[in-house]
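Peer 1: One structure coming up, written as structure tokens, with questions to follow.
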Amino acid sequence: MKTRITELLGIEYPVIQGGMAWVAEYHLAAAVSEAGGLGLIGAASAPPEIVREQIREAKKLTDKPVGVNIMLLNPNAEEVAKIVVEEGVKVVTTGAGNPGKFIGMWKDAGVKVIPVVASVAMAKMMERAGADAVVAEGAEAGGHIGSITTMALVPQVVDAVRIPVVAAGGIADGRGFAAAMMLGAEAVQMGTVFVTAKESIVHSNYKQKVIAAKDIDSEVTGRSTGHPVRCIRNKMTREYLKLEQQGASFEELEHLTLGTLRKAVMDGDVVDGTVMAGQIAGLVKEEKSCGEIIRGTVAQAEQLLGKTWE
Ligand code: TUI
């Protein structure tokens with residue numbers, strides 16, 4: 001299955017795993033890459049030296065390319081940006097901001113650059129800055145999101161840039177994959193479904209929360225702070241939204257969520273923790289291996305599309 005993305009990245013299937021904070025560590029990333037997709041280590045807010053270790057551990061598990069996602073709200077983003085070059089990482093994706101100031105350094109080092117964008121304007125800006133592709137992520141996605149849906153965003157980004165576009169947000173099977181291809185995407189990025197992967201180290205309480213979620217079980221917190229985050233409804237989101245409605249300050253709201261994603265992912269506290277997941281969680285019904293997820297998605301899409309993207 002060839003697209004400009006499989007060619008660019010040297011991967012078998014046009015499937016990228018989201019660079020999810022705490023979730024996207026080296027076991028998951030290596031398993032996705034081994035299965036023929038592109039696995040990503042999510043640097044999130046991890047200390048830079050931990051990211052270096054993660055990259056080295058992933059390389060012990062697979063010879064295939066594993067990328068790194070750099071979360072640009074992280075005050076250490078610049079240091080992480082340099083570490084990916086030092087460690088010979090072949091592809092970087094970015095989220096939650098404008099990676100413009102790092103793109104030159106990465107291109108000089110031969111690193112492929114794929115910023116995640118949530119608008120046409122940002123996609124065009126990234127193309128001008130030298131990005132190799134963009135991920136157009138719709139507001140169905142989990143975690144930090146923009147405001148436009150995948151269905152509306154992807155074709156508009158496809159028409160606005162010449163570089164290949166990866167669709168993200170609301171995709172968890174071959175139907176979503178096929179739909180993304182019909183919108184003009186050349187690969188998909190999936191997050192939520194990989195949270196529940198057998199190779200994912202996420203606490204089983206978190207996986208079960210995603211598996212049990214229905215279509216309407218996510219909320220968006222932080223709209224008032226400028227950092228909207230989609231997560232599954234629980235005691236934490238109820239408290240957050242109540243405070244937000246009462247006009248709580250940015251600091252108060254930040255304080256409430258500090259360390260709560262870690263608490264859910266690592267300790268399995270899905271009551272007071274933050275359980276980030278996309279709206280497609282309702283479609284995710286069981287734990288599968290990364291290979292089963294990727295091959296199942298691609299096989300279903302192939303049947304639906306009759307390989308029309310070749
Ligand atoms: O980055 C993500 N998803 C994330 S990051 C994250 S960690 C976090 N936790 C709490 C609060 C905030 C972040 C959890 N999930 N997805 C990619 C993405 N990027 N979605 C939207 C954007 C985006 C938004 C604005 C990209 C660029 C942008 O540009 C604004 C600017 O700087 O001009």
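Peer 1: Name the one entry in 98, 74 that is touching a Ser or Thr at 6+ places or on another chain (Cβ under 7 Å) and outside any helix (DSSP H, G or I).
Peer 2: 74
Peer 1: If I filter the range 257-299 down to residues being within 16 Å of the ligand (Cβ to nearest atom) and of a type in the set (Val, Ile, Thr), which single residue comes out as surrounded by the most Cβ atoms within 10 Å (Cβ to Cβ)?
Peer 2: Applying the filter and picking the extreme gives 275.
Peer 1: Filter the range 209-247 for residues that are assigned to a helix (DSSP H, G or I) and among the small types (Gly, Ala, Ser); which is surrounded by the most Cβ atoms within 10 Å (Cβ to Cβ)?
Peer 2: Pass one, the range 209-247, residues assigned to a helix (DSSP H, G or I): 209-212, 223-225, 235-245.
Narrowing the set further to residues that are among the small types (Gly, Ala, Ser) leaves 212, 224.
Numbers: 212: 14, 224: 16.
Within the range 209-247, the match that is surrounded by the most Cβ atoms within 10 Å (Cβ to Cβ) is 224.
Peer 1: Go through the range 37-55 and give me each residue that's within 17 Å of the chain's Cα centre (by Cα) and part of a loop (DSSP other than H, G, I, E, B).
Peer 2: Result: 37, 43, 44, 45, 46.
Peer 1: Oh, and also: If I ask for residues that are away from the ligand (no atom under 12 Å from the Cβ) and small (Gly, Ala, Ser), which ones from the range 98-128 would you list?
Peer 2: Listed by number, the residues that qualify are 104, 109, 110.
Peer 1: Check whether at least one residue in the range 20-28 is over 17 Å from residue 171 (Cβ atoms), of a type in the set (Phe, Trp, Tyr) and either surrounded by fewer than 24 Cβ atoms within 10 Å (Cβ to Cβ) or in contact with a strand residue (DSSP E or B) (Cβ under 8 Å, 6 or more places away or on another chain) (or both), and report yes or no.
Peer 2: Yes, the conditions are met somewhere in the range 20-28.
Peer 1: While we're looking at this one, here's another question. Given the criteria more than 15 Å from the ligand (Cβ to nearest atom) and either of a type outside the set (A, V, I, L, M, F, W, C) or surrounded by fewer than 22 Cβ atoms within 10 Å (Cβ to Cβ) (or both), does residue 66 qualify?
Peer 2: Answer is no for this residue.
Peer 1: Can you name every residue in the range 1-60 that is aromatic (Phe, Trp, Tyr) and within 14 Å of the ligand (Cβ to nearest atom)?
Peer 2: Of the residues in the range 1-60, the ones aromatic (Phe, Trp, Tyr) are 13, 22, 26.
Passing the criteria: only 22.
Peer 1: Quick one: what pairs do we get from the range 134-145, first residue closer than 16 Å to residue 93 by Cα and near the ligand (Cβ under 7 Å from one of its atoms), second at pLDDT 95 or above and among the acidic types (Asp, Glu), C-beta under 8 Å, 6+ apart or different chains?
Peer 2: As it stands, the answer is 145/137, since those pairs meet every condition given.
The values are calculated or read from the model by the stated rules, or taken from the named source; none is laboratory data. Just so it is clear, the structure is predicted and the values come from calculations on it, not from any experiment. Cβ: placed from backbone, ideal geometry, glycine included. Neighbour counts: every protein chain shown.
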